[in-house]
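In what follows, a structure is listed as structure tokens, so that the remarks can point back to it.
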Amino acid sequence: MLCVACCCFGARVHGQQRPRSAPTSAHGERSEERAPEQGVRVRGNPAPPPRAASDTPITIGRLGDIPRANAADLLRLAPGIFLTNGLGEGHAEQVFLRGFDARLGQDLEFTYEGVPINEPAHPHSHGYADTHSIIPEVVDQLRVLEGPFDPRQGDFAVAGSAQYALRVRERGARLQYRFGMFNTHRLVGVLAPEGEAPSTFVAAELARSDGYGQNRSYERATGNAGYERRFGNVTLRGIVTSYLTRYGSAGVLREDDVRAGRVGFFDTYDATQGGDVSRHGIGLTLDGGTFGATLWGTYRTFRLRENFTGFLLDRQRAGQSPHEQRGDAIEQTSSSVDLGLRAYGRLRATFNQRPQTLEFGFYGRFVHADNSQRRMRFGTNIPYATDFEFTPDLANAAIYVDADLKPLSWLSIRGGVRLDGFHYNVLDRCATRGTYVRGAPLDTECPSADRAGYRNPETRRTASGLLAQPRVTVIFGPWSGLSFALAYGSGARSADATYLGDGERAPFSPTQAAEAGLVFTRDRGGWSLSARALGYLTHVERDLVFDEAQGRNSIANGTTRYGGLAAMRATNRWLDVGMHVTYARATFDDNGLLVPYVPPLVARLDASVLVPLPLKIRERHLTMSAGVGASLIGQRALPLSEKAPAIFVADAQLSLRWTHVELGVFCTNVFDAQYAWAQYNYVSDFRGQEFPTRVASRHFTAAPPRNVGVSLTVHIGTGAARHGAAERGAATPGPTQSRSSGASAPSAGQQP
Amino acid sequence: MNTHSARSTFTRVRSFVARRALTAAATLAVLGVCTFAAGVEGCGGTTGLRRVSFSMRVGGYERSPGPYTFETRTGWSVTLTEARGAIGPVYFNTIAPLETSRATVPRAPASRRAFDVRRLLLPLAHADSGSHFGAGRIVAEINEQREFDLLDPTLVAFDRPAAGVDEPVRTAELWFYNRATLRDSALRVAGTATRGDRTVRFSGAFAIDPAAATQEQPLDALRQVRGIPLELIPDEESSVELRVDLRPCFANADFSELLASAPGRDGARSFTRRDNVGAGFEAGVRATSGTWRFRVAPKAQAR
């Protein structure tokens, strides 16, 4: 019998205070959604059913107290993720995940509340994912699925996907000011009206810093706002983000120059490097349990100036008047509009007294961008050549069918197929660059003639492609909290519009991924414990590697990755500990060589304690919270069979709170480890030597040194007023309970 | 099968699966510990190629002791009394040698270009329309300039070794920068030429003239001699020798043209790019074969 049911997954929440960290239960279902204590039944969607042993729903909870630079930094809570960012505070993070160098998002699908973050056809990197428009304080949960195992995962889900859920559980208001070294100031305010859903909030952030070393200053302003309203069985949620920044970038340094003392570790060659970014987005989600849709619109502007090679590439070319090397700095600009919709409809039936679900979904996205890349005279903002100037229109439409079957109490089969279609319409506004006809005027960037005579310098290219991606998961259990999961999936990255020819059948970078693992979850004695261990294998047919000459990625050969990971998280009222370790080995298919820069080992520990002190002031306990986060990155393989030293970095914070006021101190990179963040190997000439050097040399971007600062937080609201009023064991800062569960998924179709 | 039996079977299956799962978990844990250690060390496999450094020495061509004397095709007997040069940096390229290329073929004086019948009948072939026959890839370099006596066959080493990777080298590139000690030139020669009863004292130089840079021949192209054959797979024990033979630079020289010019204070007549001696000298310096001869020294000799 197949019938349409409405909101079969009624969820309940605790009716009173609970620890800020909502522990996860079997395979990620959050306990507040299934363990009613007060009988306050509210409607809402459960967490999405797990798609693999690596499907990691991370409730930030108290681990959010550990110093984090931004929302991307929260990704380090997920197993196997290592982040670097050496090109400026406003530059997207480079993500390494389970043997993938996902660069700036090319291999990892990012979304917040169902709104995609990856930018296709971006001039800096196809799939560029800048998460800085998200204020980390409003990230409630992060779901990281480390593989293409869910039919809802779309473009760029090669290594997996990361979904941010923006909610504020601590109701009331919070205003925090942070001051740290390098003249760093950060002011953030979060207003979450009491009695409203966690999805209803307003948050704003202002930050500035001189930055460590040379040319790393930044200024930024960010605003996030969400609203949730329920109409019977239907929930309407809206999210608005707005973000703008201007930042400097020190860029890369040559190791030999640093060793020779020609430049300092935190210096720069070119102080004109940096960028300007703005990003404004809106998302609307309608969620009715058996149907739902998310609409979004995003407008982005981007300008980046970087110089990877110094004075190397500006060779004398035909059609140019005689010149010396003028400098290789490039200015990439882009403005884009991103519109889209994702929707789903769900059929539910009962078989063998167990719920069975079949979901049909649709995904449509249209991106219009205006991209350019120009070469700049060294040390100036004066362009002298155009590398490209094009306007891509990219459309992506997809449908999927996904079944969630539970034929036996200990067996779940989930999966389906996703069909993606891509269409590219690219107007190259300078298709004749580099063309020179003898006798024509010199230094004409986009000439209107070729050997055959007059021609319009513009050329239009269109291309399209279709792709089917099957994905399936089989889960055995749970038995006493232990489940065994097998998963297989095919994912893909769309073609980069920069490289497409007219009429070309758009090539994809298909990925085959499989994993098998164990998941254990248990709640006992006030503790909530989850642990997982798994092995995985992934193959990418056409990988992308970074091309320093172009300042962006270019296509390379196929690669294969395998490895394993183990992760655990334990939470109770006063302690929250998460740790994970991941091993990865990535090799090229054609020659078996290691994929460079990929860390073979990523280990991370996050721990936070929150304890009331035996000290009362005006009948209110002082509470202390302390947190520490530590990362260990194994020796990374570098080009030329070399290895980068292992990295160990620790961050810590300590704060005291008395009712409304909280005073803290934080320290990042506690041991002041001096290490390279991103590393590259290529030819450059920054004129540090007497003659031009033309052999590939090691380059790096410097990771930040130790930074110590203080913070002052003012909490406002009835929850804050009660803080410390209860007895010691219950003196944790409890949020005022929101009106509805707030456990609903970030978006329709994104999480069922 | 009754209900009890079915439940019993199911319980057995469940416990079997659970035991297997726990065994798998334990195995994974052990594997995890092993891979943790392996991961910290990052052991196993390479990314290909290795960094190497090797030595390079340079000297005049090997000859018997005595005056540096040779005969030209034009019948002149030339004795070089002075020849000093400054070479470097030196780049080692993966690209195969080509006999000639647009960038490396010296331009003849304009007055003669029109009469070059061979050029009219057999235009030069080029692998591409750029400044060379393809960029290739530089895999090693000596980032240093070395001044030496071109008449002395004794090999002198560059102060710094060549640094690069162990990728096969097919050609070498020599770059020239003017040097103050050579009176703002890169190579300077002097000598006498005798034919019959006519003796000409001459001197001249090969210098990089920035003013000569054009759109087709930018300054960097003027500085370099590319495509000199060298077969080498570099390793730490490699040693490369460069012998400089100036005889091809004067092979077609007719020194009588210099007699039209006034001698200098030292009595020598200077050749320039505008006369056949100077043009031939520059052509010889820029030639990829003849003047410059690379050789990989046997390992034992290198040590």
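The values are calculated or read from the model by the stated rules, or taken from the named source; none is laboratory data. Everything quoted here is computed from the prediction, not taken from an experiment. All Cβ positions, glycine included, derive from the backbone under ideal geometry; neighbour counts span all protein chains shown.
Computed quantities for the displayed model
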| quantity | calculated |
| --- | --- |
| Matching residues, segment A:675-699, being within 30 Å of the chain's Cα centre (by Cα), assigned to a strand (DSSP E or B) and more than 10 Å from chain B (Cβ to nearest Cβ) | A:A676, A:W677, A:A678, A:Q679, A:Y680, A:Y682, A:H699 |
| Index of the failed condition, A:S321 passing every other in (1) more than 14 Å from every other protein chain (Cβ to nearest Cβ); (2) touching a residue at least 40 places away in the same chain (Cβ under 8 Å); (3) hydroxyl-bearing (S, T, Y) | (1) |
| Counted residues, segment A:295-318 - those being away from chain B (no Cβ under 14 Å), touching a strand residue (DSSP E or B) at 6+ places or on another chain (Cβ under 7 Å) and touching a residue at least 40 places away in the same chain (Cβ under 8 Å) | 11 |
| Qualifying positions in segment A:509-531 - out of contact with any helix residue (DSSP H, G or I) (no Cβ under 8 Å at 6 or more places or on another chain), more than 10 Å from every other protein chain (Cβ to nearest Cβ) and not polar (S, T, N, Q) | A:P510, A:A513, A:A514, A:E515, A:R522, A:R524, A:G525, A:G526, A:W527, A:L529 |
| Out of A:S608, A:S631, sole residue that is of a type in the set (G, A, S), touching a Phe, Trp or Tyr at 6+ places or on another chain (Cβ under 9 Å) and assigned to a strand (DSSP E or B) | A:S631 |
| Count of segment A:573-592 residues which are touching a residue at least 60 places away in the same chain (Cβ under 8 Å) and closer than 25 Å to A:L75 by Cβ | 8 |
| Residue in segment A:599-607 that is under 21 Å from A:G629 (Cα atoms) and either over 23 Å from the mean Cα position of the chain (by Cα) or more than 14 Å from chain B (Cβ to nearest Cβ) (or both) present | yes |
| Residue among A:S334, A:S321 that is within 22 Å of the chain's Cα centre (by Cα) and not aromatic (F, W, Y) | A:S334 |
| Selection count, segment A:700-721, where residues are over 23 Å from A:L654 (Cβ atoms) and more than 31 Å from the chain's Cα centre (by Cα) | 3 |
| Evaluation of A:S631 against (1) more than 24 Å from A:R171 (Cα to Cα); (2) of a type outside the set (V, I, T); (3) crowded, with 20+ Cβ neighbours inside 10 Å (one fails), failing number | (3) |
| Residue in segment B:54-65 that is over 27 Å from the mean Cα position of the chain (by Cα), more than 8 Å from every other protein chain (Cβ to nearest Cβ) and at pLDDT 80 or above present | yes |
| Members of segment B:203-233 that are within 11 Å of another protein chain (Cβ to nearest Cβ) and under 15 Å from the mean Cα position of the chain (by Cα) | B:D220, B:A221, B:L222, B:R223, B:Q224 |
| Selected residue (criterion: farthest from the other protein chains (Cβ to nearest Cβ)) from residues of segment B:182-195 that are without any contact (Cβ under 8 Å) to a residue 60 or more places away in the chain and surrounded by fewer than 19 Cβ atoms within 10 Å (Cβ to Cβ) | B:R183 |
| Given (1) over 24 Å from B:D159 (Cα atoms); (2) more than 14 Å from every other protein chain (Cβ to nearest Cβ); (3) in contact with a helix residue (DSSP H, G or I) (Cβ under 8 Å, 6 or more places away or on another chain), number of the condition B:E237 does not satisfy | (1) |
| Lone qualifier among A:I617, A:I647, A:I633 - being more than 14 Å from chain B (Cβ to nearest Cβ) and more than 30 Å from A:T333 (Cβ to Cβ) | A:I617 |
| Filter result for A:G172 (free of Cβ contacts under 8 Å to residues at least 60 places away in the same chain, of a type in the set (G, A, S) and over 30 Å from A:P510 (Cβ atoms)) | no |
| Segment A:410-440: number of residues that are touching a Lys or Arg at 6+ places or on another chain (Cβ under 9 Å) and modelled with pLDDT of 90 or more | 15 |
| Some residue of segment A:720-727 being within 18 Å of A:A197 (Cα to Cα) and either at pLDDT 60 or above or in a loop (DSSP other than H, G, I, E, B) (or both) | yes |
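Quick grid of which residues meet (1) small (G, A, S); (2) within 14 Å of chain B (Cβ to nearest Cβ); (3) free of Cβ contacts under 8 Å to residues at least 24 places away in the same chain; (4) in a strand (DSSP E or B):
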site: A:A463; (1), (2), (3), (4): yes, no, no, yes
site: A:R471; (1), (2), (3), (4): no, no, no, yes
site: A:V474; (1), (2), (3), (4): no, yes, no, yes
site: A:G477; (1), (2), (3), (4): yes, yes, no, yes
site: A:S483; (1), (2), (3), (4): yes, yes, no, yes
site: A:L486; (1), (2), (3), (4): no, yes, no, yes
site: A:G489; (1), (2), (3), (4): yes, no, no, yes
site: A:R493; (1), (2), (3), (4): no, no, no, no
site: A:D502; (1), (2), (3), (4): no, no, no, no
